[in-house]
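Contents: one structure, followed by commentary.
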Amino acid sequence: MGDNNRVYLFDTTLRDGEQSPGVSLNVEEKLEIAQQLARLGVDVIEAGFPIASPGDFQAVKNIAKKVKGPIIAGLCRATRKDIDRGWEALQFAESPRIHTFLATSDIHLKHKLQISREAALEQAIDAVKYAKKFCPDVEFSAEDASRSDLDYLAKVVEEVIAAGANVVNLPDTVGYAVPEDYGNFIRSIMERVPNIHQAIISVHCHDDLGMAVANSLSGVVNGARQIECAVNGIGERAGNASLEEIIMALYTRKPFYNKNINITYQEIYRTSRLVSGLTGMMIQPNKAIVGSNAFAHEAGIHQDGMLKDRSTYEIMSPELVGVNRSNLVLGKHSGRHAFKDRLQELGYILSEEDLGKAFAGFKEIADKKKEINDEDLEALVKDRAKSVPERFSLQYMHISCGTSVIPTATVKLAIEDKFFEAAATGVGPVEAACRAVDRITDIYGKMIEYKLHAVSAGKDALGEVDSKIQIEEKVYNGRGLSTDIIEASVKSYINAINKYYYEKTLSSQEI
Ligand code: KIV
Ligand code: ZN
């Protein structure tokens, strides 16, 4: 902590990000994201909210045990019960952090918690002291800080620091702040609290007015040294400040901010794709840094400038954030070696088992599609490195549909080493095929979201289907990939069912 210009990046993709409507990640998916965040080099990974559910608890525990490098934090309300449960999961981490929070605004105290300011202050002090008994690293968050009474908030901050909090977070929970006012707010707290230099001040901004990144950076200019943010800006409601935008603003405008971070920039794009793939939250094409248009130049004048000198229209290079410009393609004659080499160049180091699965998928697709480019390869890696065991797998399907026939599907699935076949009709071929799957699995999922997109250009493009399937009140993300879009749809549906089945098996075992 010797470098006064060092800013710490606290990633909350797995906690606040996972609170995005419709997002639900399983234990393995969370671990995969945490491992990638460690490769990216974030300082803190908020792995979850352990008391929220057995799945959250297990995910935090797994990440604490397996992910080395960053601090692993877990969120706990300011109660002893929450902190006990949080510590149960966090204790295994190389560097654990208990993150406890309580609202400080009158709006929250009066309407939500129905307690007085004095009672909230006592509760916050007690929670920090209690957490400190277990863990030397304790963060306190004053929820809705930006709408709190400044004198009262300053008192809370002073007291929680005296109680042992080494990080104090001042969130703009509802995304109400604007940059100048949030910066002034951080500066006022820095000036009013006598023991402020015994703690790091953190910002955590929501994007309800589209200003989360600007507010966070304004907080940093005014003294904050930790930024809480999420990959692709996902999070509660309109989301959190976007991690990749914060990183690249600090890098590109280093002469202005003069802050140091410790990030492996080339991992940014891959991290963004992984999170988008596993959460099913698409990235808008014009999203800064990681959107598909972020480095595209359309206008003739711009293209002309770029050809003469890239600095005319490019303030950062796509390669720096891991976006590859290569047009190299593979085809059906490419061998396992070339396939592995290309994946490595793209940054994917797969286990022999995952490589085998991905290569089998590659051969299957190369038989149907002449050229396989980087986007196809990325989609294949995501598809083959399945996050849960495949209890149900598609063996065969036959679809009959057209303008004047009732869509009918015959589907054959493997369940362990046995095969089962069923037929069904539907209003369209996707419904018919999914109903045939239901008959075999006896699991009846409701498709609540369905997104189909072509992985690359061309009539022979791979179709990727991301679906959200509701089974017994919970939503599971499914993904399927094929040159045949009905097959991709069915695979996506089966993928979600496999996740449901896996979670059911896990919860029947002891956690
Ligand atoms: O937005 C918020 O206030 C939070 C806290 C729990 C840190 O997410
Ligand atoms: Zn939040």
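Assess whether Val67 counts as being β-branched (Val, Ile, Thr) and surrounded by fewer than 24 Cβ atoms within 10 Å (Cβ to Cβ).
The answer is yes for Val67.
Residues of region 167-201 being small (Gly, Ala, Ser) and within 15 Å of ligand 1 (Cβ to nearest atom), which ones?
Gly175, Ala177
Check region 238-257 and report whether any residue there is surrounded by fewer than 21 Cβ atoms within 10 Å (Cβ to Cβ), within 16 Å of ligand 1 (Cβ to nearest atom) and farther than 18 Å from Ala34 by Cβ.
Checking region 238-257: at least one residue is surrounded by fewer than 21 Cβ atoms within 10 Å (Cβ to Cβ), within 16 Å of ligand 1 (Cβ to nearest atom) and farther than 18 Å from Ala34 by Cβ.
Under 6 Å between Cβ atoms, at least 6 apart or on separate chains: pull out the pairs that start in region 194-219 with a residue that is closer than 16 Å to Tyr8 by Cβ and in contact (Cβ under 8 Å) with a residue 60 or more places away in the chain and end on any residue that is of a type in the set (A, V, I, L, M, F, W, C) and crowded, with 18+ Cβ neighbours inside 10 Å.
Taking only residues 6 or more apart or on different chains, the pairs are Ile200/Val167; Ser202/Val167.
Provide a single number: the residues in region 197-209 that are in a loop (DSSP other than H, G, I, E, B) and within 16 Å of ligand 2 (Cβ to nearest atom).
3
Going by the conditions given, is Ala120 over 29 Å from Thr271 (Cα atoms), in a helix (DSSP H, G or I) and not charged (D, E, K, R)?
yes
So that you can scan it fast, the table gives a plain yes or no per residue for (1) on the phi < 0 side of the Ramachandran plot; (2) surrounded by fewer than 19 Cβ atoms within 10 Å (Cβ to Cβ); (3) not aliphatic (A, V, I, L, M):
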position: Ile268; (1), (2), (3): yes, no, no
position: Gln284; (1), (2), (3): yes, yes, yes
position: Ile289; (1), (2), (3): no, no, no
position: Glu298; (1), (2), (3): yes, yes, yes
position: Ile315; (1), (2), (3): yes, yes, no
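From the set of residues in region 455-476 that are of a type in the set (A, V, I, L, M, F, W, C) and under 16 Å from Pro21 (Cα atoms), which is surrounded by the most Cβ atoms within 10 Å (Cβ to Cβ)?
If we take residues in region 455-476 being of a type in the set (A, V, I, L, M, F, W, C) and under 16 Å from Pro21 (Cα atoms), then Ile469 is surrounded by the most Cβ atoms within 10 Å (Cβ to Cβ).
Can you pull out the residues in region 158-196 that are farther than 20 Å from Asn215 by Cα and either assigned to a helix (DSSP H, G or I) or among the polar types (S, T, N, Q) (or both)? Talk me through it step by step, then tell me what you get.
From region 158-196, those farther than 20 Å from Asn215 by Cα are 158-166, 192-196; that's our starting set.
If the condition is that a residue be farther than 20 Å from Asn215 by Cα and either assigned to a helix (DSSP H, G or I) or among the polar types (S, T, N, Q) (or both), then Glu158, Glu159, Val160, Ile161, Ala162, Ala163, Asn166, Arg192, Asn195, Ile196 are the ones that fit.
Looking at region 19-47 only, could you name the residues that are within 16 Å of ligand 1 (Cβ to nearest atom) and either under 20 Å from Lys504 (Cβ atoms) or modelled with pLDDT under 95 (or both)?
If the condition is that a residue be within 16 Å of ligand 1 (Cβ to nearest atom) and either under 20 Å from Lys504 (Cβ atoms) or modelled with pLDDT under 95 (or both), then Gln19, Ser20, Pro21, Val23 are the ones that fit.
Which of the residues belonging to region 116-148 are among the aliphatic types (A, V, I, L, M) and either crowded, with 16+ Cβ neighbours inside 10 Å or within 16 Å of ligand 1 (Cβ to nearest atom) (or both)? Let's see the steps before the verdict.
Going through region 116-148, the residues among the aliphatic types (A, V, I, L, M) turn out to be 119-121, 124-125, 127-128, 131, 138, 142, 145.
Ala120, Leu121, Ala124, Ile125, Ala127, Val128, Ala131, Val138, Ala142, Ala145, listed by residue number.
What about Lys382, is it at pLDDT below 90, under 23 Å from Gly22 (Cα atoms) and either in contact with a Lys or Arg (Cβ under 8 Å, 6 or more places away or on another chain) or surrounded by fewer than 16 Cβ atoms within 10 Å (Cβ to Cβ) (or both)? Spell out the reasoning first.
Working: at pLDDT below 90: yes; under 23 Å from Gly22 (Cα atoms): yes; either in contact with a Lys or Arg (Cβ under 8 Å, 6 or more places away or on another chain) or surrounded by fewer than 16 Cβ atoms within 10 Å (Cβ to Cβ) (or both): yes.
Yes.
Every residue, every condition in (1) free of Cβ contacts under 8 Å to residues at least 40 places away in the same chain; (2) away from ligand 2 (no atom under 16 Å from the Cβ), yes or no:
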{"position": "Glu139", "(1), (2)": "no, no"}
{"position": "Val168", "(1), (2)": "yes, no"}
{"position": "Pro171", "(1), (2)": "no, no"}
{"position": "Ala177", "(1), (2)": "yes, no"}
{"position": "Glu180", "(1), (2)": "yes, yes"}
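This table checks each residue for (1) within 19 Å of Ser216 (Cβ to Cβ); (2) within 16 Å of ligand 2 (Cβ to nearest atom); (3) without any contact (Cβ under 8 Å) to a residue 24 or more places away in the chain.
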residue: Cys76; (1), (2), (3): no, yes, no
residue: Ser116; (1), (2), (3): no, no, yes
residue: Ala120; (1), (2), (3): no, no, no
residue: Ala131; (1), (2), (3): no, no, no
residue: Glu143; (1), (2), (3): yes, yes, no
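Test Glu236 against the criterion of being within 16 Å of ligand 2 (Cβ to nearest atom), touching a residue at least 12 places away in the same chain (Cβ under 8 Å), touching a strand residue (DSSP E or B) at 6+ places or on another chain (Cβ under 6 Å) and of a type in the set (D, E, K, R), and give yes or no.
Spelling it out, it is not the case that Glu236 is within 16 Å of ligand 2 (Cβ to nearest atom), touching a residue at least 12 places away in the same chain (Cβ under 8 Å), touching a strand residue (DSSP E or B) at 6+ places or on another chain (Cβ under 6 Å) and of a type in the set (D, E, K, R).
If I ask for residues that are touching a residue at least 40 places away in the same chain (Cβ under 8 Å) and under 23 Å from Asn26 (Cβ atoms), which ones from region 454-466 would you list?
Of everything in region 454-466, those that are touching a residue at least 40 places away in the same chain (Cβ under 8 Å) and under 23 Å from Asn26 (Cβ atoms) turn out to be Glu464, Asp466.
Looking at (1) modelled with pLDDT of 95 or more; (2) more than 16 Å from Leu217 (Cα to Cα); (3) of a type in the set (A, V, I, L, M), can you tell me which one Ile283 breaks?
So the condition that Ile283 fails would be (1).
The values are calculated or read from the model by the stated rules, or taken from the named source; none is laboratory data. Because the structure is a prediction, the values reported are computed rather than measured. Ideal geometry is used to build each Cβ from the backbone, glycine not excepted, and the neighbour counts take in all protein chains shown.
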